[in-house]
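The values are calculated or read from the model by the stated rules, or taken from the named source; none is laboratory data. Remember, it's a predicted structure, so these values are computed and weren't measured experimentally. In this analysis, Cβ positions are derived from the backbone assuming ideal geometry, glycine residues included, and neighbour counts consider all displayed protein chains.
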Amino acid sequence: MEQVIELSYALDTFYFLVCGALVMWMAAGFTMLESGLVRAKNTAEILTKNVGLYSIACIMYMLVGYNLMYPGEAMIEGWLGQFSVLGRTDNTAADVIASGGDTYYSGLSDFFFQVVFVATAMSIVSGAVAERMKLWTFFTFAVVLTGFIYPMQGYWKWGGGWLDAAGFSDFAGSGVVHMCGAAAALAGVLVLGARKGKYGKDGSVKAIPGCNLPLATLGMLILWLGWFGFNGGSELKLSNVEEANAVALVFVNTNMAAAGGLVAALLLARAWFGKADLTMALNGALAGLVAITAEPLTPSPMAATMIGIVGGLLVVPSIVFMDRTFKIDDPVGAISVHGVVGIWGLLAVPLTNTDANFGSQLLGIGAIFAWVFVTSLIVWLALKAIMGVRVSEEEEYEGVDIGECGLEAYPEFAKSGD
């Protein structure tokens, strides 16, 4: 019996770590997607932001965020625990056996899985503020979001806080991760303003196409792959028949929602614009993934497909109206994909999960959005006053690659002023 418990512990820990690695690989997906959807003259800065924010998120979550989010069970000792950067504890064989199998994965594997989630939330901000934000202002905001803002609302749900007690349901983070990132991004975009030339004085809207759609498509497919770890790992356990079947259902539902979202967005774009719009198809797949993240376990595969379809149908008009009506300049559509569709995903939970209810879901949506948006807005305004948030008009015209990074991603092809 003891050997069975130890073997199950090893299997669940290994599964947790592999899923965490898949979520880490989503950082590559965000990097490629954003790089493909901005102009060539801003690519190197996007690349720098994404590798930088991931590293900042890992450090800040280790020092502060994890203990804020999980104060009762944190295995990483940081500023809110007994400060010791090198200090670490984990389960022993005796601990696992004594628990009778209730302790079923390494505490450090939990930290690894959680830290890649907070990096995902910060990646959402990167694309929305692309092409005109100062690099070091962005990194400074990343310190605050990953160390403090994200962990606080994460604690409310996943750390056993008041939203969890109120019955709010969010399986893998449509709200805790995706809507959180979108709310922070929206606050940043409002403070930052639109790119030069995006909106005319007569109310016209100029399309600013990305430089590399093959790269953006690759990024979306990498995110699709990584999402199996995002949702599948959130089941937390694999080592018995019931849990293995649950993980399989989560994988299937995640895949079907993405497929439904892509097809729905592609068909709607064809009907609306008269052409098949690749960027809308890419965002449709991501919308389906965001929508199913709130509850990928209780729907049937057909229901999951329908949830993804609604996400795809929502994201297209959301991107259009954000741009044309509200003049919110989001180069990659991140606020619509992760915010608007994140809300839909949370509201869809009670449709298949009888333990959830719309009142608790609305409470969670309001609380997370209000907390993240207000605190982010305060931080963005403080950064604007202290160090500025926007590059100069000349730097924006030449490309932030030169002004912020001193190099170009495509030196043989990029033209200043594109």
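Key figures for this structure:
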item: Residue list for the range 210-232, restricted to those being more than 15 Å from MET32 (Cα to Cα) and over 15 Å from the mean Cα position of the chain (by Cα); result: GLY232
item: Single match in THR298, THR325 (criterion: touching an Asp or Glu at 6+ places or on another chain (Cβ under 9 Å) and among the hydroxyl-bearing types (Ser, Thr, Tyr)); result: THR298
item: Residue that is of a type in the set (S, T, N, Q) and either touching a His at 6+ places or on another chain (Cβ under 7 Å) or more than 26 Å from CYS19 (Cβ to Cβ) (or both), where the choices are THR298, THR293, THR305; result: THR293
item: Residue count, the range 376-399 (criterion: crowded, with 20+ Cβ neighbours inside 10 Å and farther than 15 Å from GLY193 by Cα); result: 3
item: Among the residues listed as ASN245, ASN240, the single one being surrounded by fewer than 24 Cβ atoms within 10 Å (Cβ to Cβ), without any contact (Cβ under 8 Å) to a residue 40 or more places away in the chain and not aliphatic (A, V, I, L, M); result: ASN245
item: Residue in the range 199-216 that is part of a helix (DSSP H, G or I) and buried (at least 20 other Cβ atoms within 10 Å of the Cβ) present; result: yes
item: Pairs with Cβ under 6 Å, 6+ apart, first in the range 248-262 and over 13 Å from THR293 (Cβ atoms), second among the charged types (D, E, K, R) and part of a helix (DSSP H, G or I); result: none
item: Residue match in the range 137-155 (condition: farther than 28 Å from VAL389 by Cα, touching a Gly at 6+ places or on another chain (Cβ under 7 Å) and in contact (Cβ under 8 Å) with a residue 24 or more places away in the chain); result: yes
item: Test: residue in the range 230-246 that is in a helix (DSSP H, G or I), within 25 Å of ARG132 (Cβ to Cβ) and not β-branched (Val, Ile, Thr); result: no
item: Helices (runs of 4 or more DSSP H) wholly inside the range 82-149 containing at least 2 residues that are buried (at least 24 other Cβ atoms within 10 Å of the Cβ) and at pLDDT 95 or above; result: 107-128, 135-144
item: Residues of the range 21-47 satisfying the condition of being over 18 Å from the mean Cα position of the chain (by Cα) and either surrounded by fewer than 19 Cβ atoms within 10 Å (Cβ to Cβ) or not in a helix (DSSP H, G or I) (or both); result: VAL38, ARG39
item: Some residue of the range 153-169 being on the phi > 0 side of the Ramachandran plot and at pLDDT 95 or above; result: yes
item: Subset of the range 165-219 (residues that are of a type outside the set (Gly, Ala, Ser), under 30 Å from LEU347 (Cβ atoms) and touching a strand residue (DSSP E or B) at 6+ places or on another chain (Cβ under 8 Å)); result: LEU192, VAL205
item: Count - residues of the range 278-297 that are within 20 Å of the chain's Cα centre (by Cα) and surrounded by fewer than 19 Cβ atoms within 10 Å (Cβ to Cβ); result: 1
item: Residues that are in contact (Cβ under 8 Å) with a residue 60 or more places away in the chain and of a type outside the set (Gly, Ala, Ser), drawn from the range 351-373; result: ASN353, ASP355, ASN357, GLN361, LEU363, ILE365, ILE368, PHE369, TRP371, VAL372, PHE373
item: Any chance LYS275 is in contact with a Gly (Cβ under 7 Å, 6 or more places away or on another chain) and surrounded by fewer than 19 Cβ atoms within 10 Å (Cβ to Cβ); result: no
item: Hits in the range 298-336 - residues which are under 22 Å from LEU186 (Cα atoms), free of Cβ contacts under 8 Å to residues at least 60 places away in the same chain and of a type in the set (A, V, I, L, M); result: LEU313, LEU314, VAL315, VAL316, ILE319, VAL320, MET322
